[in-house]
Amino acid sequence: MKRVLIAGVLLATSLLGANAAVDENFHIYLCFGQSNMEGNAQWESVDNEVDSRFQMLATCNFSNPNRSLGNWYTANCPIVSPAGKLGPTDYFGRTMVACMPTNVKIGVVAVAMGGSPIEMFDKDKYQQKMKDNPGEWWVSLANQYYGGNPYGRLVEMAKKAQQVGVIKGILLHQGCSNCGDPNWPNMVKKIYNDMLTDLGLQAADVPLFVGETEREEMGGGCSYHNTVVAKVPSVIPTAHVVSSENIPGNGRDGWHFSALGYRMFGRRYAVEALKVMGAEPKVNANYTMPNNLKNFLTVKSLNVPSSVSIRVGSTKSVNVEAVFQDNHKENVSSEAKFTLPSFLKLENGKLTATAEGSGDVTVSFTDMTGNTVTAAFHVEGTLQGNNHVMAVNNNQAGSNPWDKQLGTMLNKQMTVGKTYVVKAWVKADNGGDCALWALWTDSPNRDQWGNSSDVQYLDTKKVTSTYQEFTWEFTAQYVNNKLSFAFGKIGGMVYFDDVSCKEKGTDNEMVVNGNFESDDISKWEVISWGNQQMKIEEDAVSGISTVSTAASPASQAIYTLDGCRVNSGFESLRPGVYVVGGKKVVVGRK
């Protein structure tokens with residue numbers, strides 16, 4: 001009897017201890033997705049030093065290092081599974097530890113499988129998905145590491161984590177296997193809501209952080225999925241998008257980031273989480289950082305251009321590159337602060353010259369350690385300037401028209417049934433065919449590659465080595481929001497200028513920077529994985545001339561770049577660029 005009483009007391013004490021063991025300062029984050037969340041870059045020696053305040057709960061058994069399912073360990077690589085490598089969870093946790101109070105621990109509970117579609121985390125669909133795809137690698141991973149039920153394993157381990165800490169958020173990176181699927185946000189919503197319900201959580205307490213896929217300018221193969229990722233907060237109010245802008249890919253494929261890219265991405269997840277909780281994304285002054293993390297977070301200098309010339313009324317992007325103590329470099333243009341002379345203004349990260357002038361711009365950047373560095377460059381605002389065009393390098397010609405394209409997102413959607421007029425001046429070193437396709441990128445109607453099937457295939461034009469103005473007039477069958485010029489069978493250089501799209505009978509321009517007089521080409525794209533490159537160049541061969549008050553022959557009409565005829569002669573024109581006899585001229589200051 002005495003033994004029974006003692007056992008009962010011990011059991012009660014154990015239960016009380018288990019309840020008391022929940023540490024409010026142990027912040028848990030659930031992580032799930034496919035190969036990028038699993039980690040795809042080999043970790044390096046700089047990644048080996050990890051603060052023990054950053055913990056991982058093993059969601060499967062590991063042999064190297066030796067870890068057992070359901071136990072906590074310091075979060076050394078690999079975190080997610082034996083098949084994984086360095087990923088965003090690594091520097092998410094390290095950054096969170098550095099910025100939170102020193103009595104706070106960070107834990108991650110991660111389940112991810114390379115190639116996995118989002119349906120593998122839907123508790124009502126995963127079994128059918130596995131049955132329909134028995135030979136897929138992600139099915140093998142699910143069976144090998146997660147008992148054939150990835151969602152079930154994540155929830156099981158999350159409940160175990162709740163015995164010792166508090167779940168503060170959920171991290172997701174997935175999409176390449178569902179690239180461009182318009183229903184993806186709703187599928188994510190169901191999984192998120194299922195997690196909250198199964199774990200007894202409230203959405204307000206557990207935000208969702210969704211990472212973008214690799215950007216096109218970095219070689220991303222499914223960058224267009226980011227238009228879908230952007231819609232997640234509209235269906236999940238507590239969701240937040242983590243940008244992949246300027247995060248480097250691995251240079252081998254169009255889906256995965258480099259080791260540096262994963263460090264940057266993990267830090268961005270952490271910065272977003274800190275902002276959501278109202279904490280400053282800054283290293284805690286009382287925290288002694290490991291040297292590897294300190295070198296990764298501390299900036300030692302800034303790289304800026306030595307001088308810039310901007311034509312009055314035009315804009316120019318200025319890249320600010322931070323050089324960190326570990327010698328890696330990052331584009332910090334959007335975070336830098338500018339001190340400007342009076343003839344310049346800064347809007348959306350672009351400098352605009354509002355008048356003629358000359359002066360210096362000072363740039364400063366403060367890193368997460370609180371260290372501020374500065375640099376300066378000279379700017380000239382001028383009324384003169386050369387004509388600029390979009391130069392597209394196709395390299396080798398493709399076999400099909402769609403192999404090489406130049407696309408631009410419009411600033412508004414078309415209206416079904418209305419007539420639109422698209423114009424463009426085009427030439428190509430080698431000549432060939434160029435067609436115009438008007439697309440509805442948001443259409444739920446998709447082809448086998450996830451691309452919109454709602455496309456209007458318009459006329460094909462014969463491009464020569466001399467600029468010609470082409471016109472396409474058509475009635476919108478869809479709410480088209482993108483124009484794509486398809487010229488896949490042309491090798492070498494193709495040039496575009498004065499691209500315009502207007503509803504017929506109106507002057508409302510729908511193309512952003514169609515004359516390329518600004519270097520803001522954020523609305524323009526080429527098929528980078530098709531080995532295309534694009535850049536704005538000065539048009540040295542288009543016959544542009546510079547005049548001041550010289551008269552034009554009476555037989556030659558003068559037009560603005562918008563195509564409006566000017567009734568007066570050169571003597572009364574304002575300074576600017578005009579079209580005379582099919583060529584551009586710059587009217588300088590009188």
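The values are calculated or read from the model by the stated rules, or taken from the named source; none is laboratory data. The model shown is predicted, which means the values in this text are computed figures rather than measured ones. Cβ placement follows ideal geometry from the backbone for every residue including glycine, while neighbour counts extend to all protein chains displayed. For the accessible areas, the whole protein counts, side chains as well, though only heavy atoms, and no ligand, DNA or RNA atoms are used. Shrake-Rupley method; radii C 1.70, N 1.55, O 1.52, S 1.80 Å.
Given an 8 Å cut-off on Cα distances and at least 6 residues of separation, report the relative contact order of segment 65-119 as a percent.
28
Normalising by the residue count of the chain, find the relative contact order in percent from Cα pairs under 8 Å and 6+ residues apart.
11
What whole-number value in cubic angstrom gives the convex hull volume per residue for the C-alpha atoms of segment 120-215?
119
By DSSP, what percent of the beta bridges with both residues in segment 161-307 are antiparallel, rounded to the nearest 5? Show your work: numbers first, answer last.
On the way: 1 of 8 bridges.
Roughly 10 percent of the beta bridges in segment 161-307 run antiparallel, per DSSP.
Sticking to Cα atoms, compute the Rg of segment 249-351 to one decimal and its Dmax as the biggest Cα-Cα distance, whole number, in Å.
Cα radius of gyration and Dmax of segment 249-351 are 16.9, 49 Å respectively.
Per residue, how much accessible area does segment 296-404 have with a 1.4 Å probe, in Å²?
On a per-residue basis, segment 296-404 sits at 46 Å².
Taking H placed 1.01 Å from N in the peptide plane, check which residues at least 5 places from residue 242 or on another chain put their amide H under 5 Å from its amide H.
Residues meeting the criterion, in which the H sits 1.01 Å from N, are 210, 211, 212.
Let me see the P(r) profile for segment 276-432: every Cα-Cα distance counted, bins of 5 Å, each bin given as a percent of all pairs.
Here the calculated profile for segment 276-432 is 2, 7, 12, 12, 11, 12, 12, 12, 9, 7, 3, 1, 0, 0.
Quick one: compute the contact order of segment 190-298, relative version, from alpha carbon pairs under 8 angstrom and 6+ residues apart, as a percent.
21
Angle, helix 184-199 long axis vs. longest principal axis of the chain, Cα atoms, 0 to 90°, nearest 10?
Around 20 degrees separate the two axes.
So what's the back-of-envelope 222 nm ellipticity for the chain, counting only DSSP H runs of four-plus at -39500 (n - 2.57) apiece and dividing by all residues, rounded to 500?
-5500 deg cm²/dmol
Where Rh denotes the Kirkwood radius from the mean inverse Cα pair distance, what is Rg over Rh for the chain? Intermediate results must be reported in sequence, preceding the final value.
Working: Rg = 28.4 Å, Rh = 27.0 Å.
My calculation puts Rg/Rh at 1.05.
How tilted is helix 137-146 with respect to the longest principal axis of the chain? Cα atoms for both, answer in degrees (0 to 90, nearest 10).
Computed tilt is about 30 degrees.
Using the per-residue mean of other Cβ atoms lying within 10 Å as a proxy for protection, in what order, highest first, do the peptides 165-171, 108-114 fall?
Output ranking for 165-171, 108-114: 108-114, 165-171.
To test your reading of the geometry: what angle, between 0 and 90 degrees and rounded to tens, separates the Cα axis of helix 88-99 from the longest principal axis of the chain?
Result, in degrees: 80.
Compare the peptides 77-89, 51-63 by average per-residue count of other Cβ atoms within 10 angstrom and give them in order, highest first.
77-89, 51-63
Of the listed peptides 489-499, 427-437, 341-351, what is their order by residue-averaged count of other C-beta atoms within 10 Å, with the highest listed first?
489-499, 427-437, 341-351
What figure, in Å² to the nearest 10, do you get for the accessible area of residue 43 with a 1.4 Å probe and non-protein molecules left out?
Roughly 80 Å² of residue 43 is accessible to a 1.4 Å probe.
Just to check I understand the Karplus step: with θ = phi - 60° and J = 6.51 cos²θ - 1.76 cosθ + 1.60, what whole-Hz values come out for segment 40-52, glycine and proline as x?
Coupling constants for segment 40-52: 10, 10, 5, 5, 10, 4, 5, 8, 7, 8, 10, 5, 5 Hz.
Within the chain, what whole-number % of the accessible surface is contributed by carbon and sulfur, with the 1.4 Å probe and all protein chains included in the calculation? Don't jump to the answer; show the numbers that get you there.
Numbers: 12450 of 26180 Å².
Carbon-and-sulfur percentage of accessible area, whole number: 48.
With a bin width of 10 angstrom, please list the P(r) values of segment 139-294 as percents of all Cα-Cα pairs, from the 0 bin to the one holding the largest distance.
10, 32, 38, 19, 1
With both partners inside the chain, how many of the DSSP beta bridges are antiparallel, as a percent to the nearest 5? Before the final figure, lay out the partial values.
Numbers: 92 of 126 bridges.
Approximately 75 percent, going by the DSSP bridge assignments.
Among residues other than residue 126 whose Cβ falls under 13 Å from its Cβ, what is the net charge (Lys/Arg +1, Asp/Glu -1)?
On the way: positive: 123, 125, 129, 131, 153, 190; negative: 119, 122, 124, 132, 136, 194.
Once all neighbours under 13 Å are counted, the net charge is 0.
Return the lysines within reach of residue 404: Cα separation strictly under 18 angstrom, same-chain partners fewer than 8 residues apart disregarded; answer none if there are no such residues.
Partners found: 427, 461, 462, 482, 489, 523, 535.
In sequence order, what are the phi-derived ³J(HN,Hα) couplings for segment 255-270 according to the Karplus relation 6.51 cos²θ - 1.76 cosθ + 1.60 with θ = phi - 60°, rounded to whole Hz, with x for glycine and proline?
So the J values, rounded to whole Hz, are 10, 10, 8, 7, 4, 4, x, 5, 5, 5, 5, x, 4, 5, 4, 5.
Local charge sum around residue 368 (other residues, Cβ-Cβ under 11 Å, Lys/Arg +1, Asp/Glu -1)?
Numbers: positive: 267, 282, 294; negative: 280, 335, 367.
My count for the surroundings of residue 368 gives 0.
For segment 153-159, just list the computed ³J(HN,Hα) in residue order, Karplus coefficients 6.51, -1.76 and 1.60, θ = phi - 60°, integers in Hz, with x standing in for Gly and Pro.
Running phi through 6.51 cos²θ - 1.76 cosθ + 1.60 with θ = phi - 60° gives 5, 4, 5, 4, 6, 5, 5 Hz.
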